[in-house]
1. Pull out all pairs, ordered by first then second residue, where Cβ-Cβ is under 9 Å, the residues are six or more apart or on different chains, the first lies in the stretch 1-27 and is closer than 21 Å to A41 by Cβ, and the second is among the β-branched types (V, I, T) and part of a loop (DSSP other than H, G, I, E, B).
2. Run H25 past the list (1) open to solvent by less than 60 Å² (accessible area, probe 1.4 Å); (2) at pLDDT below 90 and report the number of the one that doesn't hold.
3. Filter the stretch 63-91 for residues that are without any contact (Cβ under 8 Å) to a residue 24 or more places away in the chain and open to solvent by less than 100 Å² (accessible area, probe 1.4 Å) and give the result.
4. Could you list, in sequence order, all residues of the stretch 49-62 that are farther than 14 Å from D13 by Cα and either modelled with pLDDT under 95 or open to solvent by 100 Å² or more (accessible area, probe 1.4 Å) (or both)?
Amino acid sequence: MKSLDYLKKIRKDNCCVCGGKAEPHHMKEIGMGRNRQLERAEHFTALAMCRGHHSELHTIGLVSFQVKYNINLWREVAYQLVEVLWESQNGSE
């Protein structure tokens, strides 16, 4: 699976915190000024977050966010990646 296809899937998912409409949050930052429309390994570290939680994460930082919501975001990335790869190989269930 190409990384941009993975991002398309993430954009269709619900926020991993509240279940709301989501956008991709890259756990491994791409960085300002880099083209997000290119295939990049960093896209595979994205997870679905609503705008509110995405902004809050950037404001309070990863550790505080994870403590506040009792969530391990890197674990969520791993679960999401495995699910998407499974579906791409076996069809969605």
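The values are calculated or read from the model by the stated rules, or taken from the named source; none is laboratory data. Quick caveat, the model's predicted, so the values are computed rather than measured. Cβ placement follows ideal geometry from the backbone for every residue including glycine, while neighbour counts extend to all protein chains displayed. All accessible areas refer to the heavy atoms of the entire protein, side chains included, with ligands and DNA or RNA removed. Shrake-Rupley method; radii C 1.70, N 1.55, O 1.52, S 1.80 Å.
1. Filtered contacts from the stretch 1-27: C16/I71.
2. With respect to (1) open to solvent by less than 60 Å² (accessible area, probe 1.4 Å); (2) at pLDDT below 90, H25 is out only on (2).
3. Once the filter is applied, which keeps residues that are without any contact (Cβ under 8 Å) to a residue 24 or more places away in the chain and open to solvent by less than 100 Å² (accessible area, probe 1.4 Å), the stretch 63-91 yields S64, F65, Q66, N72, A78, V82, E83, E87, N90, G91.
4. Correct list: H58, T59.
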